[in-house]
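Each remark here refers to the structure printed beneath this line.
The values are calculated or read from the model by the stated rules, or taken from the named source; none is laboratory data. Keep in mind it's a predicted model, so treat the numbers as computed, not measured. Methodologically, a virtual Cβ is constructed for each residue, glycine included, from the backbone with ideal geometry; neighbour enumeration extends over all protein chains shown. These accessible areas exclude ligands, DNA and RNA; they are computed on the full protein's heavy atoms, side chains included. Shrake-Rupley method; radii C 1.70, N 1.55, O 1.52, S 1.80 Å.
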Amino acid sequence: MSRFGAEIAAARPRVVAALAGRLRDLDLAEDAFADACASALVVWQNQPPRDPAAWLWRAALRRAIDAKRRATVRERARHDPPEPEPTPEEALMAADQPIPDERLKLIFVCCHPALAPDARAALTLKIVCGLSTARLARAFFVAEPAMLQRITRAKAKIAGAGVPFEVPARDAWPERLDAVLTTLEIAYAQAYEDAALAGETAGFADEVLRLSGLLAELAPNEPEVLGLAALARFAEARRPARLDDTGAMVPPERQDAGLWRQDMIVEGARLLDRAAGLGRSGPRQILAAIHATHCARAQDGATDWSTIAALYDALSVVRPQAAVAVNRAVAIGEARGAAAGLAELAHIEGASGWLPYQAALAGLSVKAGRFDDARNAYAAALALGPAAAERLYLERRRRDVPAQAEG
Amino acid sequence: MQYMILVYEPEAAYATPEGQAKLKDIVGRHMALAAELKAKGVQKDGGGLQGTETATTVATVNGQQTIHDGPFAETREHLGGYYLIDVPNLDEALAIARRVPVIDGGKVEVRPLIVH
């Protein structure tokens, strides 16, 4: 990235949102912002701006209004006599106003439930965070033309179906906010998975982290928003410890807590405290609390599995999903013994073809001394095509299974 | 913007005596909703369709037209009625679509009309 990359990235959400709000056209807003950035890179070399966001806003708005006017004139020229030459005063007047804060509206538009969830995540990362289509294609494991089509289709739906550029009405707020949070969770899960791989798109998690922080700033009284921002920080805090020297995955309870980023953990804890103060629990807050409990090992020296198991009990009520049930079984196995964990795992139906299930079964079987079962489950997990870091981890655990028969 | 609200329902659900009682209730709620939307100037048009046993389909294949008995698609849910509304945006159209009464298993599709 050029020497002004950080300034441009920081200004982007606010400027693009303000442009979209004024122009009611996402494509035009993105193009105008890109044009303004291109000229900024030239002009700023000699005249660094005092306020980069204000500079980009003025430059982009002038360009966009010019482009719109040219298009209108071209359109009219076919039917009517040409309009009198337009004056640039309107553009100048608008550009001299402070930049309106339309970021929340932009996020609500990009995360509208009328769009498919995976398209919402891609669109939000593209428009709000400025990730390129190529980078998104890599992050979401699809070919670039497919990603481009996904984004184009979502934009066309927004324009064609009349998705409003507005913060939703109070009665629609819970559902709409949930759609936003789900979108961010998808984006974060993608970024998190990415880090366990070769790190081809490293830095993508930072964007989601910033986005969750931005949302917490824009909706400070929504506990689930704060919970998600906290969750992202706790998870990111552990990033430096997630892979060992050989590139193998390290689960949280085995990570070197000395490598965890304490500043992020403190920030996460502050957000989660604020969420708790609002007195409305929810799945993201519970997940954040689970992460917080893992992070507490840095101080306490041991993982508090009883608390984690209790939190998974609560989470499984609001999110009755196989992923939650598997993690709950693992936590119970740690808190109350392998037999209890295996008993919980046995209740989960239809998950045997699923990698996390087999990995959990393998780990609990080792703990229970059922080494043949463990070897079979590791083999099943490895056959399900884990990512490189997880494959290395599972292979090592399989090698470490004692050879003697159980009993 | 004008939006078409298309109401799809499993016809079989209305076939039983219990279904007939539900039909009466649902029709009443349609009438009330339509009256309200008309009074507000939101509803441009709307109506219910007779059952698919009354449907006839004209199919064109290789330029040849043929006439068939029945609806065009063999699905469980069939188009049973529609509302044509004029509201500022999709959120308002969806708010109305949520209020359209349907029997369990019903689906309500919201489609904007082409703007000329």
Scope segment A:99-118; condition crowded, with 21+ Cβ neighbours inside 10 Å and assigned to a helix (DSSP H, G or I); matching residues: A:R103, A:L106, A:I107, A:F108, A:V109, A:C110
Selection count where residues are within 20 Å of B:A15 (Cα to Cα), of a type in the set (A, V, I, L, M, F, W, C) and modelled with pLDDT of 90 or more, scope segment B:59-80: 1
Failed item, numbered, when A:P220 is tested on (1) open to solvent by 10 Å² or more (accessible area, probe 1.4 Å); (2) within 30 Å of A:L28 (Cβ to Cβ); (3) more than 14 Å from chain B (Cβ to nearest Cβ): (2)
Residue in segment A:169-178 that is among the acidic types (D, E), within 14 Å of chain B (Cβ to nearest Cβ), closer than 27 Å to B:N89 by Cα and out of contact with any strand residue (DSSP E or B) (no Cβ under 7 Å at 6 or more places or on another chain) present: yes
Residues satisfying the stated conditions in segment B:61-92, i.e. open to solvent by less than 70 Å² (accessible area, probe 1.4 Å) and within 10 Å of another protein chain (Cβ to nearest Cβ): B:V87, B:N89, B:L90, B:D91
Unique match (being within 29 Å of A:G341 (Cα to Cα), over 23 Å from the mean Cα position of the chain (by Cα) and without any contact (Cβ under 8 Å) to a residue 24 or more places away in the chain) among A:D245, A:D300: A:D300
Where A:Q47 falls short, out of the listed (1) at pLDDT 70 or above; (2) touching a helix residue (DSSP H, G or I) at 6+ places or on another chain (Cβ under 7 Å); (3) open to solvent by 60 Å² or more (accessible area, probe 1.4 Å): (2)
Segment B:93-108: number of residues that are within 14 Å of another protein chain (Cβ to nearest Cβ) and hydrophobic (A, V, I, L, M, F, W, C): 6
Residue that is surrounded by the fewest Cβ atoms within 10 Å (Cβ to Cβ) [pool: residues in segment B:96-116 that are over 14 Å from A:A161 (Cβ atoms) and free of Cβ contacts under 8 Å to residues at least 60 places away in the same chain]: B:H116
